[in-house]
Amino acid sequence: MITKLKASYVIGYDGTDHVIIPDGEVVYENDTIIYVGKHYEGAVDKTEDAGNAVVMPGFIDLNALGDIDHDILHTEAYSNMRNSLNPSEEYFEKGTHEVMTAEEEAFKSLYAYTQLIMHGVTTAMPITSTYYKKWADTYEEEEAGVHHAGKLGLRLYTSPSYQCGFNVVRPDGTMTVRYKEGWGEEGLERAVKFIRKYDGAYDGLIRGALLPERIETQTEENLIHTMEYAKELGCPIKLHAAQGQFEYRFIKEKTGKSPVEYLDSLGFLGKNVGIPHCYIVKGTRWVKDEGDDLAILARTGTTAIFCPIIIGRSGHYQDSFASYQARNINVAIGTDTFPPDFFQNIRTASMFSQAVEDKVEGSTFADIYRAVTLGGSAYLGRDDLGRLCKGAKADMIAVDLEDFHMGAIDDPIRTIFMCGSGRDVKMSVINGRTVMKDRQIEGIDLEELKAKGQKYYDKMKLGYLERDYRHLPEEELFRPSYRIVR
């Protein structure tokens, strides 16, 4: 099956960088692109005209939310309430348990992956919250997620997450980590079993990735074994690190090193390793200790996965996108929250970086989009993703330029990332299959999904009450924006 997709603009790839092709065409046979340009001479079986739109590589989301959003509870939490939103040591000692049923946990990824596709994500590496979990991902919920992704047509890098310990709040309100012997090792073995079973499933859409939870919740032994298994399986690793002051202090007190230095001392870092957030590092304004963690990231080829919106909501920012790039650090992007909107994230990353650098060079929308696509594909070791050129996978989206809010059309990249949002993605093709068109996904009732998602969220929210170390009433723990009049 040969398909031609036309649009007023196509973002092609010349072997070095993205290029803009006015009145362009992308032609693909089954799952692979065979032509990108202006005038395809060969015969085609089907022609699609996206009209006044930008056809471009879809977004590679390397910290994609795989559940129902909890960040809306944590955003704008006053400082005296933040620790009440974390599990307490009392709760840990009594015995953690699952708040949601197995059926509900199986549902959450359908909701999340539908959100990703609707926002133009074509490749995702998921992250799920442990705030309301018994521990980390179960094998069964991740298995359900694979089948949801396969049926929806989403390209996915995944396995069940795992951890050796749990961040908890002591009775005095301070944070620490408590461990359960053997739980992290068992989790790693489950993840390896999962990858061996599902890597390559659904015509290659599903690929394995080892996803240990936060650095402070891992033992040294489990990190070393993770690295060994990744080498054996040929898969990437994603580990949250350098993402908060508590974590930085905890690792420094334990090892005498920064999180990045500690991982380097284990030989853990490398081209197959991605670190979400990765901004509480030596050599930036966030750490006063002497040293240069950025040099370590550059030397090892480790990818920093920036998540601009969720870090920005906490009043922080990466310091800065342009400076990491200037140090030859590979940077990719993740959303890590709802909405999984790369238009917002690209705008935010650009603004923060320009504010730090006091210049636009290195911080443009094009620079950030390059990280989303080419930076993401470099980390995954996939030169067939993140670009539209002959031989690449047919993964692309069409962003509508027609609506009034887009304003006057100038440079297409600058226009869509200045004025657009995820809701302007009107078509998504993944692996040569049209998975979303005109804001509709075949077999998905968005209203039904939204109603079920609300029920999930309401139940999840109530689960916070028993884990609060102060056992505050609901109306105090969850502060409304304004006084509620009933």
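The values are calculated or read from the model by the stated rules, or taken from the named source; none is laboratory data. What you see is a predicted model, and the numbers here were worked out from it, not measured in a lab. Cβ placement follows ideal geometry from the backbone for every residue including glycine, while neighbour counts extend to all protein chains displayed. Side chains included, ligands, DNA and RNA excluded: accessible areas come from the protein's heavy atoms. Shrake-Rupley method; radii C 1.70, N 1.55, O 1.52, S 1.80 Å.
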Practice prompt. Could you identify the single residue in Glu76, Glu105 that is surrounded by fewer than 24 Cβ atoms within 10 Å (Cβ to Cβ) and more than 28 Å from Ser481 (Cβ to Cβ)?
Written response: Glu105
Worksheet item: In this structure, does Ile310 turn out to be touching a residue at least 40 places away in the same chain (Cβ under 8 Å), of a type in the set (A, V, I, L, M, F, W, C) and open to solvent by less than 10 Å² (accessible area, probe 1.4 Å)?
Response: no
Worksheet entry | Residues that are part of a loop (DSSP other than H, G, I, E, B) and either open to solvent by 100 Å² or more (accessible area, probe 1.4 Å) or in contact (Cβ under 8 Å) with a residue 12 or more places away in the chain (or both), drawn from the stretch 458-480 | Asp468, Tyr469, Arg470, Leu472, Phe478, Arg479
Worksheet item: Only one of (1) in a loop (DSSP other than H, G, I, E, B); (2) under 13 Å from Arg387 (Cα atoms) is not met by His39, so which one is it?
Response: (2)
Worksheet entry | From Lys437, Lys452, residue being in contact with a helix residue (DSSP H, G or I) (Cβ under 7 Å, 6 or more places away or on another chain) and open to solvent by 50 Å² or more (accessible area, probe 1.4 Å) | Lys452
Item to complete: Output the helices (runs of 4 or more DSSP H) that fall wholly within the stretch 356-457 and possess 1 or more residues being touching a Ser or Thr at 6+ places or on another chain (Cβ under 8 Å), farther than 28 Å from Asn30 by Cβ and among the acidic types (Asp, Glu), or say none.
Response: 365-370
Practice prompt. Go through the residues of the stretch 313-325 one by one and say whether even a single one is more than 19 Å from the chain's Cα centre (by Cα) and basic (Lys, Arg).
Written response: no
Worksheet, complete the sentence: Picked from the stretch 27-69 (must be out of contact with any Lys or Arg (no Cβ under 8 Å at 6 or more places or on another chain) and polar (S, T, N, Q)), the residue most open to solvent (accessible area, probe 1.4 Å) is Asn30
Worksheet, complete the sentence: Screening Phe268, Phe250 for residues that are under 17 Å from Asn330 (Cα atoms) and aromatic (Phe, Trp, Tyr) leaves only Phe268
Item to complete: Have a look at Gly187, Gly182 and point out the one that is at pLDDT 95 or above and either more than 29 Å from Ser88 (Cα to Cα) or surrounded by fewer than 16 Cβ atoms within 10 Å (Cβ to Cβ) (or both).
Response: Gly182
Worksheet, complete the sentence: Pairs returned, first residue in the stretch 21-32 that is outside any strand (DSSP E or B), second residue that is modelled with pLDDT of 95 or more and crowded, with 18+ Cβ neighbours inside 10 Å, beta-carbon separation under 8 angstrom, 6 or more apart or interchain, are Asn30/Ala394; Asn30/Gly432; Asp31/Lys393; Asp31/Ala394; Asp31/Asn431; Asp31/Gly432
Fill in: Residue count for the stretch 111-152, restricted to those that are aliphatic (A, V, I, L, M) and either assigned to a loop (DSSP other than H, G, I, E, B) or farther than 28 Å from Met427 by Cβ (or both)
1
Worksheet item: Which residue out of Glu228, Glu216 is within 16 Å of Leu263 (Cα to Cα) and touching a Gly at 6+ places or on another chain (Cβ under 9 Å)?
Response: Glu216
Practice prompt. Please tell me if Arg178 is in a strand (DSSP E or B) and closer than 22 Å to Tyr469 by Cβ.
Written response: yes
Discussion item. Looking only at the stretch 313-330, count every residue that is surrounded by fewer than 18 Cβ atoms within 10 Å (Cβ to Cβ) and assigned to a helix (DSSP H, G or I) and tell me the total.
Written reply: 2
Discussion item. Among the numbered criteria (1) surrounded by fewer than 22 Cβ atoms within 10 Å (Cβ to Cβ); (2) closer than 30 Å to Asp203 by Cβ; (3) within 17 Å of the chain's Cα centre (by Cα); (4) not acidic (Asp, Glu), which one does Gly386 miss?
Written reply: (1)
Item to complete: Keeping to the stretch 112-147, report how many residues are of a type outside the set (D, E, K, R), farther than 23 Å from Ile305 by Cβ, touching a residue at least 12 places away in the same chain (Cβ under 8 Å) and open to solvent by 40 Å² or more (accessible area, probe 1.4 Å).
Response: 1
